[in-house]
Amino acid sequence: MNTLATRVPPSAPVHPSIHPDERAAREQLAACYRIFAMLGWTEMIYNHITLRLPDSVTGGEKQFLINPFGLHYSEVTASNLVKIDLQGKVLDGSTWPVNPAGFTVHAAIHDGLPGAHCVMHTHTTAGVAVACLQGGLQQTNFYTAQLHGMVAYHDFEGITIHADEGPRLLRSIGERNAVILRNHGLLAWGQTLPQTFAILWTLQRACEIQMATFSMGAAIPVSEEIAQRCTRDALQFSPEHGAGQDVFDALVRQVDRIDASYKN
């Protein structure tokens, strides 16, 4: 019988000899994959969340955790996450493959932006719809008003498997943490996983509301002055105010009540 259950080996506990900081990073990232699954931010076995391991683990080398290609987000666990370098080379002996179309973009951002310790990419319906819209994200709702000056755009160049797109992507992004990949989807990067999640959630919510609003008619614009004030007043991305840690922790508690097997 050729079922997923027979093809996917059960996850084992993270090896006890692993550095405690790597263990914590693995559990946090695995929890995040389960949160994405709970929120419906999945695309079959595609898309990625990548997290750079701390220097305490790597000695300063750039090493990352990524989902094993072939598993749904709901199947990701701390132990089956794959450790790779900037070239996508597997470093931990994992037998799972890594999707080159996924890590090309992530590698460029992790390598080119010093503060990009986490990168998230989605193909949600609302996100792709806005990415395909002439004019992109409009300044017309509560959430877009919190992203004033934070959103970058990158033109579509096809499936992201060519490393030479990296420098052009970095030029498009600049220092903006929320990215709309035209005709493609959404991306966010940040100093921590919870901060990156908070940015992506706000961008996703802005797209959902825009899609609903535009289906009914013309939207009421938000002025530049008000949007600038909203972005200054919104503290959810700021490290001094937790940078999304409280929201992320609340969602982890939800996942724990549903299925805590991501910790394995």
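The values are calculated or read from the model by the stated rules, or taken from the named source; none is laboratory data. Just so it is clear, the model here is predicted, and its values are computed rather than measured. Note that each Cβ is placed from the backbone with ideal geometry, even for glycine, and that neighbours are counted across all protein chains shown. When the accessible area is computed, the model is the full protein with side chains, heavy atoms only, and any ligands, DNA or RNA have been set aside. Shrake-Rupley method; radii C 1.70, N 1.55, O 1.52, S 1.80 Å.
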Discussion item. Based on this model, can you work out whether L133 counts as surrounded by 20 or more Cβ atoms within 10 Å (Cβ to Cβ) and in a loop (DSSP other than H, G, I, E, B)?
Written reply: no
Worksheet item: Which of the residues spanning region 195-213 are under 10 Å from the mean Cα position of the chain (by Cα) and surrounded by fewer than 24 Cβ atoms within 10 Å (Cβ to Cβ)?
Response: W201
Discussion item. Please determine whether any residue of region 159-177 is of a type in the set (V, I, T), in contact with a Ser or Thr (Cβ under 8 Å, 6 or more places away or on another chain) and open to solvent by 60 Å² or more (accessible area, probe 1.4 Å).
Written reply: yes
Response to the item:
Restricting attention to region 98-120, the residues that are open to solvent by 30 Å² or more (accessible area, probe 1.4 Å), farther than 11 Å from G88 by Cβ, modelled with pLDDT under 95 and outside any loop (DSSP other than H, G, I, E, B) number exactly 0
Item to complete: Would you mind listing the strands (runs of 3 or more DSSP E) fully within region 148-256 where at least 2 residues are under 22 Å from Y46 (Cβ atoms), among the hydrophobic types (A, V, I, L, M, F, W, C) and touching a Phe, Trp or Tyr at 6+ places or on another chain (Cβ under 8 Å)?
Response: 178-181
Worksheet item: Would you say P20 is at pLDDT 95 or above, surrounded by fewer than 18 Cβ atoms within 10 Å (Cβ to Cβ) and under 20 Å from F197 (Cα atoms)?
Response: no
Worksheet item: Can you tell me which residue in region 214-236 is most open to solvent (accessible area, probe 1.4 Å), limited to those that are within 22 Å of A188 (Cβ to Cβ) and without any contact (Cβ under 8 Å) to a residue 24 or more places away in the chain?
Response: R232
Response to the item:
P239 passes all but one of the listed conditions (1) free of Cβ contacts under 8 Å to residues at least 40 places away in the same chain; (2) under 26 Å from I109 (Cα atoms); the exception is number (1)
Fill in: Sole exception among (1) more than 23 Å from A218 (Cα to Cα); (2) in contact (Cβ under 8 Å) with a residue 24 or more places away in the chain; (3) assigned to a helix (DSSP H, G or I); (4) not hydrophobic (A, V, I, L, M, F, W, C) for G127, by number
(1)
Item to complete: Would you tally the residues in region 136-153 being touching a residue at least 60 places away in the same chain (Cβ under 8 Å), open to solvent by less than 40 Å² (accessible area, probe 1.4 Å) and not aliphatic (A, V, I, L, M)?
Response: 4
